[in-house]
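Structure, as structure tokens:
The values are calculated or read from the model by the stated rules, or taken from the named source; none is laboratory data. From a predicted model like this one, the values you see are computed outputs, not experimental measurements. Positions of Cβ are backbone-derived with ideal geometry, glycine not excepted, and every protein chain shown enters the neighbour counts. Heavy atoms of the whole protein, side chains included, go into the accessibility calculation; ligands, DNA and RNA do not. Shrake-Rupley method; radii C 1.70, N 1.55, O 1.52, S 1.80 Å.
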Amino acid sequence: MIISSGRPRIRTTVAGLAVAALAVAGATTAVARTTTAEAAVGGVAVAAPVEDEGADCPVTLPGTTTSSSSLPDPFTRLNGTRISTRSDWRCRRAEIRELVERYVYGDKPAKPASVTGTVSTSSITVNATHNGRSASFSARVELPSGSGPFPAVVVVGGFGADTAAIKAAGAAVISYDPLAVGREGTPRNNKQGAFYSVYGSSSSTGLLAAWSWGVSRIVDVVEQSGGTVLKADAMGVTGCSRYGKGAFAIGALDQRIALTMPIESGSAGLPIFRGIPGEGAQSLSSAYGEQPWLGDAFGSFTGNPNGLPVDTHEIVAMVAPRGLFVMDNPHIANLGPRSASVAALGGAEVYKALGAGDNITYWSDVQDGSHCASRPEWRTPLQQNIQKFLLKTGNAPGAMRISAKAAGNLSGWRNWQTPTLTDGPTTTTTTTTTTTTTTTAPPAGDGCSASTSVDRWTGGFVATVRVTAGASPVTGWTVSTTLPSGASITSVWNAERSGDSGTVQFTDVGFNGSIAPGRSVEFGYQGTGTGTGTTTTCAAG
């Protein structure tokens, strides 16, 4: 069936009119449609100018779904072909969005027929009208010191976010009450709040998509305000626990959000659905039944996540190549942190393919296990992300700081590999990402081998190392890597390391030390400099 979401399909028309106007004027300059993904190559991604860049992409969803314990391939279209250029990602993302709305969140409608409101130094008001139905809500604004206009971070729900650090970094705080837009404690057939006042109390859309719709309307009003107080192209979002689930959905479903920062989101948030049953996290049926966070259609999959044609690593990928800073808690198994790290690692493969591997950070390496605590480990990367994506004054690299207490293994969940995407016909930069692979000889009998895939860009690289057992099982491994001169490791995941430069030894972290004959595990590291010429050897035991 062909899905018509009711979203405006105007971008192609606008581009066509622009080309026609140039032709009439006798201009010889060609107009190219550059997507956010293409513009990110070799630099910091900017927020998209529209809520949904792929609104004009035709999407045909399959009539039935198939069951698989592996994570779906984010690079394979619904027709079975794989994307090959960065420009292909726009319409592939549109397919993922339709899957996510159909099976996970419920439909998030496009901008209503009328959205009006005000922006002041202390508040934002929103009035939305569609098909004769209206609703209003407001949000509080706190400005940092200095003179505006300011970037802003929407804080969902009002707790768990380090608002002092946000304002100290130079961004305003918009305190958003999501319950005014989608109320908790209501039955699925009688949902309440501003969203349901417009679209009906029996809407199958869950609260997370409703909350996302509300933030999108706030962005609409900020855009219309003329930028005298807040900058519409420098908006972030954060929230913790259930509001972390909301922040994740908000950033995924509106491409105008430049920086998405979910905190300890738990089941129905970042953790892969397929991993939750085996981790001891809050069950999917519990999360679905606790509140109508997820769309009504998700109820068919609470006992069979393998039947879902989409998973949360692809929702991570929907944020790409924009800024994403995930803060997680490895000390509470109920939050599903191991499954969350798998989602981050899987989504990071799309970031890397788009040349934006530096734009994603996952950080669960924290000491304090209290839920939604303000943690000192996050303060510096929080402010660095605000500087990079909202103030556009920084360039700190992303990092995968995954705690050994809850480190997931992406290789155990995927049967696909990351393609090398070309820049495509409309790329606007000459900086490219290149990939090289080096492999040690396969082990004869006992022992292990290691292969390294290096994605390089100007000034940095990310390496993924696959450790493979020979004919006998491996119980513990050590990989020795000699880095080229000038290269230095800044972060590592799923392994311990002996140093940062020169010859570095990586060892397993327990859970990934045992490898069955012929099977593999993966770890990775990120560095500055170049990964060209890296050599790798593996020793078992």
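With all protein chains present and a 1.4 Å probe, how do Arg414, Arg466 order by accessible area, largest first?
Heavy-atom accessible area, descending, gives Arg466, Arg414.
If I ignore ligands, DNA and RNA and count only protein heavy atoms, how much of Cys448 is accessible to a 1.4 Å probe, in Å² to the nearest 10?
Cys448 has an accessible surface of roughly 10 Å² with all protein chains in place.
Where does helix 11-25 land angle-wise versus the long Cα axis of the chain, in degrees 0 to 90, nearest 10?
80 degrees
Given only helices, namely DSSP H runs of n ≥ 4 each adding -39500 (n - 2.57), what is the per-residue ellipticity at 222 nm of the chain, to the nearest 500 deg cm²/dmol?
Calculated at 222 nm, the ellipticity per residue is -6500 deg cm²/dmol.
Carbon and sulfur atoms: what percent of the 1.4 Å accessible area of the chain do they account for?
51 percent
Using the heavy atoms of the protein chains alone and a 1.4 angstrom probe, what is the accessible area of segment 325-430 per residue in square angstrom?
Normalised by residue count, the accessible surface of segment 325-430 is 35 Å².
To the nearest 0.05, how large is the calculated FRET efficiency for Thr60 and His130 if R₀ is 25 Å and r is the Cβ-Cβ distance?
Step by step, r from the Cβ atoms, then E = 0.40.
Considering only the other residues whose Cβ falls under 12 Å of the Cβ of Gly244, what net charge follows from Lys and Arg at +1 and Asp and Glu at -1?
Result for the neighbourhood of Gly244: 0.
How high is the relative contact order of the chain, given as a whole-number percent (alpha carbon pairs under 8 Å, six or more residues apart)?
Relative contact order, the chain: 14 percent.
Using only Cα atoms, tell me the angle between helix 89-100 and the longest principal axis of the chain; keep it within 0 to 90° and round to the nearest 10.
Between helix and principal axis, roughly 80 degrees.
For the chain, give me the percentage of DSSP beta bridges that are antiparallel, rounded to the nearest 5 percent.
Roughly 70 percent of the DSSP beta bridges within the chain come out antiparallel.
Enumerate the calculated ³J(HN,Hα) couplings along segment 463-472 in order (Karplus 6.51 cos²θ - 1.76 cosθ + 1.60, θ = phi - 60°), each rounded to whole Hz, writing x wherever the residue is Gly or Pro.
Result, rounded to whole Hz: 10, 10, 10, 9, 9, 10, 7, x, 6, 10.
In whole Å, how far is the Cα centre of segment 75-93 from that of segment 329-367?
Their Cα centres are 23 Å away from one another.
Which of the peptides 287-297, 187-197, 345-355, 204-214 is most tightly packed, and how do the rest follow, going by the mean number of other Cβ atoms within 10 Å of each residue?
Result, highest mean Cβ count within 10 Å first: 204-214, 345-355, 287-297, 187-197.
Would you pull out the residues with amide H under 5 Å of Ala172's amide H, same chain only if 5 or more places away, H placed 1.01 Å from N?
Under 5 Å from the amide H of Ala172 lie the amide H atoms of Ala152, Val153, each far enough along the sequence or on another chain.
So for segment 214-303, Kirkwood radius off the Cα pairs, Stokes-Einstein at 37 °C and 0.692 mPa s: how many µm² s⁻¹?
Using the Kirkwood radius from Cα pairs, D works out to 228 µm²/s.
Give me the extension gain from Arg140 to Asn304: residue separation times 0.36 nm, minus the current Cα-Cα distance, reported in nm with one decimal.
Fully extending the segment from Arg140 to Asn304 adds 54.9 nm.
Residues of segment 101-120 with the amide nitrogen closer than 11 Å to a label point 7 Å from the Cα of Thr228, along Cα-to-Cβ, please.
It comes to 119-120, nothing else.
Simple spin-label model, 7 Å along Cα-to-Cβ: Ser70 to Thr503 in nm?
It works out to 3.7 nm between the two label points.
On full extension of the chain, what length is gained from Glu377 through Thr118, given 0.36 nm per residue of separation minus the C-alpha to C-alpha distance?
Full extension from Glu377 to Thr118 adds 89.6 nm.
Please give the per residue accessible area of segment 117-272, computed with a probe of 1.4 Å over protein heavy atoms only, in Å².
29 Å²
Please determine, in degrees from 0 to 90 and to the nearest 10, the orientation of helix 242-253 with respect to the longest principal axis defined by the Cα atoms of the chain, where the helix direction is its Cα long axis.
For 242-253 against the chain, the angle is about 80 degrees.
Let me have the relative contact order for segment 59-111, percent, based on Cα pairs under 8 Å that are six or more residues apart.
Once divided by the residue count of segment 59-111, the mean separation gives 35 percent.
Order the following by accessible area, largest value first: Leu382, Leu78. Probe radius 1.4 Å; ligands, DNA and RNA are ignored.
The most accessible residue leads, giving Leu78, Leu382.
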